[in-house]
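I am attaching a structure below and will ask some questions about it afterwards.
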Amino acid sequence: QGLMEPEAQPSSMPCFERRVQPCLAELLGTALFSFTGCLALLEDPGGTGRLQPALAHGLALAVTVAVLGDI
């Protein structure tokens, strides 16, 4: 009835795409989020207060979702 193809069933996907790839994406996303957050707290140029770490975490989360969201 439509032009859309049916989505692949999870059981027909290879083991790498079903189990390993999501775990690696979670590891990479968490590492990026933590690393960026810690780096934002290392040097305080003064006057930014809580804004700099908040923006760093927000941008890290946005990049992580944009890059790894389809996994």
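Would you be able to tell me the number of residues in segment 50-70 that are out of contact with any helix residue (DSSP H, G or I) (no Cβ under 9 Å at 6 or more places or on another chain), open to solvent by less than 50 Å² (accessible area, probe 1.4 Å) and farther than 30 Å from Glu17 by Cβ?
Total meeting the criteria: 0.
Now, a different point. Cβ-Cβ under 6 Å, sequence separation 6+ or interchain: first residue in segment 42-71 and over 16 Å from Leu24 (Cα atoms), partner open to solvent by less than 90 Å² (accessible area, probe 1.4 Å) and part of a helix (DSSP H, G or I). Which pairs?
From residues that are over 16 Å from Leu24 (Cα atoms), the pairs are Gln52/Ala40; Pro53/Ala40; Ala56/Thr36; Ala56/Ala40; His57/Gly37; Ala60/Leu32; Ala60/Phe33; Ala60/Thr36.
Exactly one condition in (1) modelled with pLDDT under 80; (2) touching an Asp or Glu at 6+ places or on another chain (Cβ under 8 Å); (3) of a type outside the set (Lys, Arg) is not met by Gln52; state its number.
Of the numbered conditions (1) modelled with pLDDT under 80; (2) touching an Asp or Glu at 6+ places or on another chain (Cβ under 8 Å); (3) of a type outside the set (Lys, Arg), the odd one out for Gln52 is (1).
Taking segment 34-49 as the region of interest, how many residues are under 30 Å from Arg18 (Cα atoms) and open to solvent by 90 Å² or more (accessible area, probe 1.4 Å)?
The qualifying residues number 1.
The values are calculated or read from the model by the stated rules, or taken from the named source; none is laboratory data. All figures in this text were calculated on a predicted structure; none of them were measured in a lab. Glycine also receives a Cβ, built like all others from the backbone with ideal geometry; neighbour counts cover every protein chain displayed. The accessibility values were calculated without ligands, DNA or RNA, using every heavy atom of the protein model including side chains. Shrake-Rupley method; radii C 1.70, N 1.55, O 1.52, S 1.80 Å.
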